[in-house]
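The values are calculated or read from the model by the stated rules, or taken from the named source; none is laboratory data. All values derive from a computational prediction rather than experimental measurement. Here the Cβ positions follow ideal geometry from the backbone for every residue, glycine too, while neighbour counts run over all protein chains shown.
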Amino acid sequence: MTKAKVIMPLPCTDFDPSEAAIPWKIVSDAGYDVIFATPDGSVASGDAMMLSGEGLDPWGWIPGIKKFRFIGLFLRANKQARSDYQEMLEDKNFNAPISYLALTVEDYVGLILPGGHAEGIKVYLESEQLQKFVVDFFENTDQYGKHRPIAAICHGVIIPARSISSLSNRSVLYGRKTTALTWKLEQTAWNLTKYFARFWDPDYYRTYMEKAGDPSGYMSVEHEVTRSLESPEDFVDVPPEDANYKLKTSGTSRDSMDDNRAAWVVADGNYISARWPGDAHTLALTFLEKLKPS
């Protein structure tokens, strides 16, 4: 029996290992065929620094010594994500991606958009071909008249934010509720490496930097996504009254298959969004629920 296909576009390099591998593992184990796409159809590779943690300490620029990690051990992908990533590297679909040009909405029952912040992610975030595909995914229904589920996490939310509908001349997120990497989380990681760790490359955690005259955080993920929405209130962060507010916003606690207390996921119809790798299990499990026939 042919498996239903879910599509996961990636850049050629620098995707976040946790945000791709954890959803891949969960969705694959549920019986779906996860297909990968890259800009040119070449096999992708994740952000090596997020896997090893090497280069995230103050001595990370010194050959040999950089293998001794402290800050890097806290910032890299956790054990479960690294295990899922290594398994994903052996997957036949991962090793035979298609190109963005070959993407056709009708071939897939769902779409997952992982994130990543290093330089190589830009070709993914800025691809007009991928944005066109995302518009089609939002606007078209399946043979039953149902909108296919779409999941985006962290910087991956920038893609639908930049995907402009020809019908409305607005982002496909206009009128929807969403979350994404918050400026607080992005700024905390940026400051940590800028002042205490990766001082020779202080902007590693900032994909896009502000220009002269821009307000603080103007080019952050949260602020760019918010500018695409109908109202600033449509960007949904963890409310202070949430019972697990500190756990969800600490930037140090991550979810797992059986514990979603640290996660923050926002669902609006068929569209699901999350902030960072610490939400990846809950995002994927919510996506699975949306995939089930109604």
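Scanning the stretch 101-131 for residues that are free of Cβ contacts under 8 Å to residues at least 40 places away in the same chain, within 24 Å of Asp33 (Cα to Cα) and charged (D, E, K, R) turns up just one, Glu106. Residues that are of a type in the set (Asp, Glu) and either assigned to a helix (DSSP H, G or I) or over 27 Å from Ser253 (Cβ atoms) (or both) within the stretch 38-90 comprise Asp40, Asp84, Glu87, Glu90, listed in sequence order.
Filtering Ala152, Ala189, Ala197 for residues that are modelled with pLDDT under 95, on the phi < 0 side of the Ramachandran plot and touching a Pro at 6+ places or on another chain (Cβ under 7 Å) leaves a single hit, Ala197. For the stretch 94-128, a residue qualifies if it is in a helix (DSSP H, G or I) and surrounded by 15 or more Cβ atoms within 10 Å (Cβ to Cβ), and the qualifying residues are Tyr100, Val105, Gly120, Ile121, Lys122, Val123, Tyr124, Leu125.
This table checks each residue for (1) within 25 Å of Leu173 (Cβ to Cβ); (2) of a type in the set (Val, Ile, Thr); (3) surrounded by 12 or more Cβ atoms within 10 Å (Cβ to Cβ).
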site	(1), (2), (3)
Lys211	yes, no, no
Met219	yes, no, yes
Pro232	yes, no, no
Asp242	yes, no, yes
Lys248	yes, no, yes
Thr252	no, yes, no
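All conditions but one from (1) of a type outside the set (D, E, K, R); (2) in contact with a Ser or Thr (Cβ under 8 Å, 6 or more places away or on another chain); (3) touching a residue at least 40 places away in the same chain (Cβ under 8 Å) apply to Val134; the one that does not is (3).
Contact map, the stretch 190-207: first residue polar (S, T, N, Q), second residue assigned to a loop (DSSP other than H, G, I, E, B), Cβ cut-off under 7 Å, separation 6 or more or different chains; pairs are Thr193/Leu56; Thr193/Pro202; Thr193/Tyr204; Thr193/Tyr205; Thr207/His117.
Filter the stretch 10-37 down to the residues that are charged (D, E, K, R), in contact (Cβ under 8 Å) with a residue 60 or more places away in the chain and not in a loop (DSSP other than H, G, I, E, B) and list them by number. Reasoning before the result, please.
Restricting attention to the stretch 10-37, the residues satisfying the condition of being charged (D, E, K, R) are 14, 16, 19, 25, 29, 33.
With in contact (Cβ under 8 Å) with a residue 60 or more places away in the chain added as a condition, the list becomes 14, 16, 19, 25, 33.
If the condition is that a residue be charged (D, E, K, R), in contact (Cβ under 8 Å) with a residue 60 or more places away in the chain and not in a loop (DSSP other than H, G, I, E, B), then Asp14, Glu19, Lys25, Asp33 are the ones that fit.
For the stretch 163-176, the criterion of a residue being at pLDDT 95 or above, within 14 Å of the chain's Cα centre (by Cα), buried (at least 19 other Cβ atoms within 10 Å of the Cβ) and among the small types (Gly, Ala, Ser) is satisfied by no position.
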